[in-house]
Every structure is written in C-alpha cells, then in structure tokens.
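Student: Right, I'll just put the structure down here and ask away after.
The values are calculated or read from the model by the stated rules, or taken from the named source; none is laboratory data. It should be emphasised that the depicted structure is a prediction, and the values quoted were computed from it without experimental measurement. No Cβ is skipped: glycine too gets one built from the backbone with ideal geometry, and neighbour counts run over all protein chains shown. Just so you know, the surface numbers come from the protein's heavy atoms only, side chains and all, with ligands and any DNA or RNA stripped out. Shrake-Rupley method; radii C 1.70, N 1.55, O 1.52, S 1.80 Å.
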Amino acid sequence: MLDTMSCLERFALAARGHIDLSVRVLGGTPVTVRVRNRFSSTLNEVVTCSSDGVFLTSWGYRLGTADNVEAAAARLAYLLAAMPA
C-alpha cells in the first residue's frame, strides 16, 4: 500500500518550488495539502492523494501521480497562475 502522507509531503515540497505559492500540509483524515496563490484570495486549492498515488484537487481534477510529483505540482502551479522560483 502506498504511503499517501509521504506522497503529499513530497508534493508540498515540489509546490513550494513555485515562488508565488503558499503551501500548508493539513492533518486530519484524509491528510491534505492546501495551496494558494500569495497574490489572490480566490486562487487556492486543496489536494489529496488517493491510495493508488493519484493527486486530486478538491473538485476531482487529476493533477498527476506519485511517479512524477514535480509534474503534478507544476500543473497545479499553472492552474493557480504561479511562476516557478
């Protein structure tokens, strides 16, 4: 079984590489990552990781998989209009 907590921690680390994003790992069940554009109160998203390693937004959009965490974080950064560091 995939360790979704470690996958989300890696996702959070990759998302922090985008200078315009603010990232927080939130505890609870399920564990989530809250990502927002620092310059907009409306550009934000909550991301979860399924047991098969798929990163999903709160509205069900598939960002990518745990096999390529950086690409999934980059896709979210694009959706939130963030620039890379």
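Student: Mind checking which residues of segment 1-13 are touching a residue at least 24 places away in the same chain (Cβ under 8 Å) and closer than 17 Å to residue 44 by Cβ?
Tutor: Once the filter is applied, which keeps residues that are touching a residue at least 24 places away in the same chain (Cβ under 8 Å) and closer than 17 Å to residue 44 by Cβ, segment 1-13 yields 8, 11.
Student: Restricting attention to segment 1-32, which residues are of a type in the set (A, V, I, L, M, F, W, C), under 11 Å from the mean Cα position of the chain (by Cα) and open to solvent by 70 Å² or more (accessible area, probe 1.4 Å)? Give the derivation first.
Tutor: Initially, segment 1-32 is screened for residues of a type in the set (A, V, I, L, M, F, W, C), giving 1-2, 5, 7-8, 11-15, 19, 21, 23, 25-26, 31.
From what's left, under 11 Å from the mean Cα position of the chain (by Cα): 7-8, 11-15, 21, 23, 25.
Answer for segment 1-32, where residues must be of a type in the set (A, V, I, L, M, F, W, C), under 11 Å from the mean Cα position of the chain (by Cα) and open to solvent by 70 Å² or more (accessible area, probe 1.4 Å): just 13.
Student: Then there is this: Kindly list the number of the only condition in (1) surrounded by fewer than 16 Cβ atoms within 10 Å (Cβ to Cβ); (2) in contact with a strand residue (DSSP E or B) (Cβ under 9 Å, 6 or more places away or on another chain) that fails for residue 47.
Tutor: (1)
Student: Another question about this same structure. Residue 35 versus (1) outside any strand (DSSP E or B); (2) touching an Asp or Glu at 6+ places or on another chain (Cβ under 7 Å); (3) open to solvent by less than 20 Å² (accessible area, probe 1.4 Å): which is the lone unmet condition?
Tutor: Every listed condition holds for residue 35 apart from (1).
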